[in-house]
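Bear in mind these aren't lab numbers, they're just calculated from the coordinates by the rules spelled out. This structure is a prediction, so every number in the text was calculated from the model and none was measured. Positions of Cβ are backbone-derived with ideal geometry, glycine not excepted, and every protein chain shown enters the neighbour counts.
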Amino acid sequence: MRYSGFTYGLFFLLCAEIVLIGCDGNTSEQKQSAAIQVTDFRGKKLALDKPAEKVVCLIESALSGIYMLGKQDKVIGIPGDVYRGETWQRYSELDVRIREKSLPTPGNWDFVSLEQVVSLEPDLVIIWSSQAQAIENIERFDIPVYAVMMHSLEDVFKEIEDLGKLLDAENRAGEILGFTKDQLKTIAHDQTAESFKTAYFMWAQGINETSGQNSTVQGLLRYAGVKNVCDLHDEHATINIEKLHDWDPDMIVMWYNEKLDPADVIENPLLQGLKAVREKQVYELPSAFDCDFWTLKFLYPVQLIHFWAYANQDTTAKPDPEKLLRVLYNQSQSDE
Amino acid sequence: MNRKFAIFMIYLLPIPVLLVSLLIGSSENIGISDIFYLFFEPRDSSELARSIIMDIRLPRILLVFITGGMLAVSGSVLQAIFRNPLVDPYVLGLSSGAAFGAALGIATVVIPVQLSAFVFGIVAVGLSWFMARKNKEVSIVSLILAGIITNGIFTSLLTIVQIMSDPFKLQGIVHWIMGNFHNASWDQFSLIIIPVVIGFVILYFFRWKLNVLALGDEEAASSGLNPTRMKIWILLAATLAGSAVVAVSGIIGLYGLIIPHIVRMIFGVDNRRTLVFNLLLGGSFLVIIDNFSRTMAGFEIPIGVFTMLIGAPFFIWLLKKSNIGWQQ
Amino acid sequence: MATIKPIIETNGLSFAYHSKTVLKDCTIQIPENQFTVVLGRNGSGKSTLLRLMAGLLPLQKGSVRIDGIDLKKLNSKQRAGLIGFLPQKHKAIFPFKVDEVVLTGRAAQVRMIPSEKDRSIRDEAIEMLGIGHLKHRIYSELSGGEQQLVMIARALAQQPKILLLDEPVSHLDYNQQIRLLRLLKKLVTNGKSIVTVLHDPNLALAVAEYFVLIHEEKVSHIYADEANYYKWIQSVFSCDIQKVEREGVSFYIPRI
């Protein structure tokens, strides 16, 4: 008797579950007549009646974009990582609130404090689209969410364009996008009929960590006029050292690395068979902030890599990051 | 008198714990006055305070309470039916099985999350039991060793699901393996409440029979019970409640081991009484731990970190203290 | 023999663990309200016989009737009302208190939690064994003899007609052995039927009214008979035993 009761209970539970799963739909309706409409990286349409005024931005690279657009006054919450190391120093020069650490940090790439986000009462939250559950929770409070995921440098363009619309800075967005694209054209123009050099990109975690064809690294190397040796499709790939020998790149480009220098890679006994190592064609990107290629600052590493690859062939001058950043952060007039 | 006071305390404990926890949070602009207004002068309370307390803090606190309570209850029940004071949902691999099942359910969409968590929770416990069983006997230590293997298998499978799945769907692997509540919501609450209630009611019904089962199979059979059949039902109920909470919280290690022992030290071993005490103390204590986890640092520390750090020395102490030989 | 009705009857009972036969074609009757002792060497199938009669092992071949009813037709609740079983040695894992352990004997009658009536039956059982002073002690902290008494109280709380005991005295000191057997004897006068496995032929003869002898797969059942006892135990234990008589009482002492 009591066992059959349990069976019914279980059956009931299953039914209830199916119903619950069925209801799990999207509750936020879309306003068709809204003044501002963009589609974010999830493919979700975002509609605002007026430009966002209170923005919680939980992505450091998008935060850079907002500063480039000159809309930092709208930012009311930033990712916690900004208050650390070089990033903090660099932002301190741009914003006194960050220097004094007075801007709230309701989350980072991994974690979001729903409570802090909600209590800031933002009218826009910018967040990685991988934080699906956090997005769901924030949207439940009727707070618009712009979710970001970067797979190419074109995604960076799209992000800046969208941010321009959302933050009422379309002109400025057009300006810096135009500048960047022009600069890229000069590099493309520089490319001679000479066969492409090949490059291996090495992330900070170690020599085995690289990025494949479907990644921002791929775009970066392509714009720089070199060929990514990694033929895998992954955004992030861990490869075997033997594989690297098969590819035998002309040069190795290291992401900014606190532990290793090009000299360490050149002396690494495991890598002596590589052409790039024998010819000492190993380079390190000088700064995570200046070279961040999830922002328009990718222009600088593109120029650098191109310079490293072809400096002896054409007349390209060594790129100057300060000049670039001044343009991107619009600091030519008001240099503080 | 002393015992009566302790019982009184444990029934009362959840009320202040839950109320104080409502006051604790990362947002500074919510205070006692907001809670006061919310409950006594709802018209004067601000929309923001209402939203933060009712839609963010309350579901989280309730979810944590239920999770803690259910882990403790299923821990004590598993200890009784396996006659092994060193097991809990984590040690037996139930948690990692359920976490894998839940992740699989989320990643594939087609399989209901709770059902998948339940099925793999059962599979994991069955696997541990099957591995530990030799000559129709399951020794205390071999069951723990088998649990380690099961845990390894299912955390590996969980990692595979994590790697293969669309990053849009699944939260970070560390959230599954160390437990986390920062995505708590009423949706999650409503997702677990049905299996948890069903599981608990069944266990509550069997609460005294657990004493009989805890004496041993032959003893239970000679006094007219069918131990195998009864254990299966109890195991299903404990797994139903346990896997439901794991599906939303991730793996909270060793928690189901600590609480039943504390309850036993204070109130004795009679499961007729301790089942409810486990629920109340297990719930309250995890809410307290979670308060630390959400306020200690600017970011959130996974709650499983705390329970493991408390639980591991406790486990060793139990192993040394009890006269459990390695052979039996 | 015909005057006393058998409370347990087995018919052609055989049992094998995997391929090893331990009991073969065992047909015996055990009389009601008597003290029956099972004698046999280790591995001869004594425990198996007791477990088969208690319904704790599946019947492979043959049948068992308890109080005239086929064992297979009894549900667990009815069976618990007829037979109480005391396993050889109980291993305690959790520190249950004595009264909690004894109360579990009521399991078959309890739907969810024990009632007031169940508790008073428990207290009667505890009183009957004279262990009232142990009631609130922790079972696992008691001496072997006390633990055995608690487990018997637990079996009595079940209120069975028959009590099957598997070597109840083997872990006890001499004093405890005597006290326990005296108590079992008292239970027989109170109307219970007792079947117990014993190893010491002197103790067995002192208490038994009826014997079940197991020797080389042959099971026989017979009333206690001092005249033939010497012959039985010599064949059952297959060793050299001498009989000493003093003041009309016989003692059986091994020659070592």
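The table below gives the values:
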quantity	calculated
Average other protein chain Cβ within 10 Å of Cβ, residues C:92-105	6
Radius, Kirkwood style, for segment A:193-328 when every pair of distinct Cα atoms is counted (Å)	15.0 Å
Residue order, fewest to most beta carbons within 10 Å, for C:CYS26, A:CYS57	C:CYS26, A:CYS57
log₁₀ of I(q)/I(0) at q = 0.08, 0.10 Å⁻¹ - the protein assembly as shown, Debye sum with one point per alpha carbon	-0.85, -1.12
Choice from B:GLY253, B:GLY224, B:GLY242 with maximal GNM fluctuation in chain B (Cα, 10 Å cutoff)	B:GLY224
Unsatisfied cross-links (Cα-Cα over 25 Å) in the set C:LYS5/C:LYS243; C:LYS46/C:LYS161; A:LYS74/A:LYS158; B:LYS134/B:LYS231	C:LYS5/C:LYS243
Segment C:129-228 shape via C-alpha gyration tensor axes, a/c threshold 1.5	prolate
Cα-based shape type of segment A:36-176, given that a ≥ b ≥ c are square roots of the gyration tensor eigenvalues and the cut on a/c is 1.5	rounded
Proxy reagent accessibility, fewest Cβ within 10 Å first, across A:THR186, C:THR27, C:THR48	A:THR186, C:THR27, C:THR48
Chain C: angle of helix C:116-128 to the longest principal axis, Cα-based, in degrees nearest 10	40 degrees
Amide H contacts of B:LEU254 (H built 1.01 Å from N, under 5 Å, at least 5 apart or other chain)	B:TYR90, B:VAL91
Contact order relative to length of segment C:6-254, as percent, for alpha carbon pairs under 8 angstrom and 6 or more apart	26 percent
Helix-derived mean residue ellipticity, 222 nm - over chain B, DSSP H n ≥ 4, -39500 (n - 2.57), to 500	-23500 deg cm²/dmol
Shielding by partners, peptide B:199-211 (average Cβ within 10 angstrom, other chains)	4
Cross-link reach list, aspartates and glutamates versus C:LYS185, counting only Cα pairs under 13 Å and skipping chain neighbours closer than eight places	C:GLU209
Rg over Rh [alpha-carbon atoms, Kirkwood Rh] for chain B	0.99
Qualifying lysines (Cα of each under 23 Å from Cα of B:LYS4; at least 8 residues distant if same chain)	C:LYS97, C:LYS135
Helix B:14-23 axis, angle to chain B major axis (alpha carbon atoms, nearest 10°)	40 degrees
Those aspartates and glutamates that a straight Cα-Cα span of less than 17 Å connects to A:LYS259, excepting residues fewer than 8 apart in one chain	A:GLU86, A:GLU209, A:GLU267, A:GLU284
Positive-end extreme of charge dipole, segment C:6-254 - chosen from C:GLY81, C:ASN175, C:ALA107 (charges on Cβ)	C:ALA107
On Cα atoms only, tilt of B:113-132 relative to the major axis of chain B in degrees	30 degrees
In segment A:148-230, the GluC sites (Glu not before Pro) that fall in loop regions by DSSP, at most 16 other Cβ within 10 Å	A:GLU194
Exercise: per-residue mean of other protein chain Cβ atoms within 10 Å, C:78-91	3
Rounded if a/c under 1.5, otherwise prolate or oblate - chain C, Cα gyration tensor axes	oblate
Gaussian network model of chain C, Cα within-10 Å springs - most flexible of C:LYS192, C:LYS73, C:LYS218	C:LYS73
